[in-house]
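**Q** Below you will find the structure I want to go over with you.
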Amino acid sequence: MRETTSILPLSAEDLSFEAGGKLLVSQLRFAIQRGGLTALLGPNGSGKSLTLRLCHGLIRPSAGRVAWGAEKGVLAGVKRHAMVFQKPVMLRRSARANIVHALAAAGVARAERQERAVAALARFGLDALSENPARLLSGGEQQRLAIARAWSLRPELLFLDEPCSQLDPGATRQIEEMLAALKAEGVTLVMATHDMAQARRIADRVLFLHRGRLVEDSPAASFFTAPASAEARAFIAGELLW
């Protein structure tokens, strides 16, 4: 394997997935370079979440492949990409212990786990909730904890699946501020969303999906001001796509 200091670029090469005799994503081709926030945008059922799971390696493609700058997104024996889900999975333990558990599962040395967990909680303003049961936190607090937990793993690339879809405006703003901070630190972000207003606010690039196909790939500013496809124009105009 060639020497590299980055797992990027990530390349989707004719990525397809079929289930129950139905092709859910079809021949996706795109690359994720270092830096910025890429939004996977499209109506419900367009294949956004499925694409994230394929890229993160949670499911195997039916055809095509995901290629990395470093084999399987691993450098020096450490997986360098992480994922935050729409509904965070919280273990029946404290906020701090949830982070410690993730670090242990990732193979982080025992001596480092507590220090990194405390740093992650402090980094995202959760230190006062350190010993609170994670499952009793509010929805916004749980999502912030999920992002802090992912950050503690020191990912180069972070996938986010509709992280604000169940949150109120105040919690959404906090999450968006966290994402801006991560981007400023050099973490590359890929986020699935059907929220066009959110994509306008925070995305640098848009991959627009419809019916499992990549219809458009463009800078966010160009996508919203001069969409190239009929499907994107209809979506931006608020028309129903099916």
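The values are calculated or read from the model by the stated rules, or taken from the named source; none is laboratory data. From a predicted model like this one, the values you see are computed outputs, not experimental measurements. All Cβ positions, even for glycine, are placed from backbone atoms using ideal geometry, and neighbour counts span all protein chains on display.
**Q** Which of the helices (runs of 4 or more DSSP H) contained wholly in the stretch 164-236 include at least 3 residues that are surrounded by fewer than 18 Cβ atoms within 10 Å (Cβ to Cβ) and under 20 Å from the mean Cα position of the chain (by Cα)?
**A** Ranges flagged: 169-184, 196-202.
**Q** When the stretch 34-56 is examined, which residues are found to be polar (S, T, N, Q) and part of a loop (DSSP other than H, G, I, E, B)?
**A** N44, S46
**Q** In the list G20, G45, which residue meets the criterion of being exposed (fewer than 14 other Cβ atoms within 10 Å of the Cβ), over 16 Å from the mean Cα position of the chain (by Cα) and modelled with pLDDT under 95?
**A** Answer to the selection: G20.
**Q** For the stretch 96-113, how many residues are of a type outside the set (V, I, T) and either surrounded by 14 or more Cβ atoms within 10 Å (Cβ to Cβ) or touching a Cys at 6+ places or on another chain (Cβ under 6 Å) (or both)?
**A** 8
**Q** Also: Could you tell me which of the residues A82, A31 is at pLDDT 95 or above, surrounded by fewer than 19 Cβ atoms within 10 Å (Cβ to Cβ) and in a strand (DSSP E or B)?
**A** After applying the criteria, what remains is A31.
**Q** Among the listed residues R92, R65, R60, R135, which satisfies the condition of being surrounded by fewer than 18 Cβ atoms within 10 Å (Cβ to Cβ) and either in a strand (DSSP E or B) or aromatic (F, W, Y) (or both)?
**A** From the options R92, R65, R60, R135, the qualifying one is R65.
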